[in-house]
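I have placed the structure first, in the form of structure tokens, so that the comments after it can refer back to it.
FYI, it's all coordinate maths here, none of it is from the lab. Computed from a predicted structure; not experimentally measured. Backbone-built Cβ (ideal geometry, glycine too); neighbour counts: all protein chains shown.
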Amino acid sequence: MEQGNQGRLDATDRAFSVRTERDEAVERVRVLGEMDLAVVGKLDSEMRRAEATDADRIELDLDQLEFLDVSGVRLLLDLDRRSRGNGRRLRIRPANSPQVRRVLELTGAEQLLPIQA
């Protein structure tokens, strides 16, 4: 079952979408497109919804994320902080985009986040 925001949103969202699905005890949140200050609130809202569920694990899939700015990095670090206070349920699937991986590397966030190998 997919829910959440899908497809192209308005012009300020620059092709950003969030797709969610539940598979037994895993809540999956998939991020597509470009994540910047204009859209981080949408992902934060969806992650808060996922955190409120009884899922054993929350997987944040960044595989199709094409762009990430500092507000997105800040949100990822906040999600990790919240996860540590809530059973460490968060797992992050790494981004495929070299630009996104580079931003996480340069900021040091990749060393702090629960990114799956």
Out of Leu112, Leu76, Leu106, which single residue is of a type in the set (A, V, I, L, M, F, W, C) and closer than 14 Å to Val29 by Cβ?
-> Leu76
Checklist (1) more than 20 Å from Thr53 (Cα to Cα); (2) more than 15 Å from the chain's Cα centre (by Cα); (3) basic (Lys, Arg) applied to Arg84, failing item = (1)
Hey, can you tell me all the residues within region 55-68 that are surrounded by fewer than 19 Cβ atoms within 10 Å (Cβ to Cβ) and more than 17 Å from Ser17 (Cβ to Cβ)?
-> Ala55, Asp56, Arg57
